[in-house]
Amino acid sequence: MEVFVQILTTCETKGQAEKIAEALVDRKIAGCVQIVGPVTSIYRWKGRIEKAEEWLCIIKTKAELYNEVEKTLIQNHTYETPEIISTPITAGSTEYLEWLENEVRTAE
């Protein structure tokens, strides 16, 4: 199993993205959350093509904390079905990954 993952989610507003980021970092289930935006998303929702301005959160954490991150995202998100996608971090600088290891706790 991979040690670290990067999780993506999108939010309707920058304020919501910041609220989610602060909750994740405060609980030590993410070492860093970068907020990028606004971005334009075009997608199909309930049979219609939609276009929205969103804010992208890039969350760095340990793979073992994914379930806690997902739970926190769902609890704090306003979307009916939020995007929550995890990809493994297969390589990174030793210094950064050591920092990340020290900034997040272990799974309960």
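Bear in mind these aren't lab numbers, they're just calculated from the coordinates by the rules spelled out. All figures in this text were calculated on a predicted structure; none of them were measured in a lab. Every residue, glycine as well, gets a Cβ built from its backbone with ideal geometry; the counts of neighbours run over all protein chains shown.
For this structure, a couple of remarks:
- The GluC sites (Glu not before Pro) found in region 23-64 include none that occupy coil by DSSP while having at most 13 further C-beta atoms within 10 Å.
- Loop trypsin sites (Lys or Arg not before Pro), region 17-53 (other Cβ atoms within 10 Å of the site Cβ: 10 or fewer; DSSP): Lys46
- Full-extension gain in nm, Lys19 to Arg48, via 0.36 nm per residue minus C-alpha separation: 7.5 nm
- Within the chain: Cβ-based charge dipole about Cα centre, in debye rounded to nearest 20 (Lys, Arg +1; Asp, Glu -1): 380 debye
- Computed label-point distance, nm, for sites Ser93 and Glu108 using a 7 Å Cα→Cβ extension: 3.4 nm
- Candidate cross-link partners of Lys28 among the lysines, defined by an alpha-carbon separation under 27 Å and a same-chain spacing of 8 or more, comprise Lys14, Lys19, Lys60, Lys62, Lys71.
- CD proxy at 222 nm, helix term only [per DSSP H run n ≥ 4: -39500 (n - 2.57); per residue of the chain; nearest 500]: -9500 deg cm²/dmol
- C-alpha center-to-center spacing [region 1-60, region 63-90] in angstrom: 9 Å
- Measuring nothing but alpha carbons in the chain and taking Rh as the Kirkwood radius, the Rg to Rh ratio lands at 0.99.
- Helix axis angle, 66-76 relative to the chain longest principal axis, alpha carbon, degrees: 40 degrees
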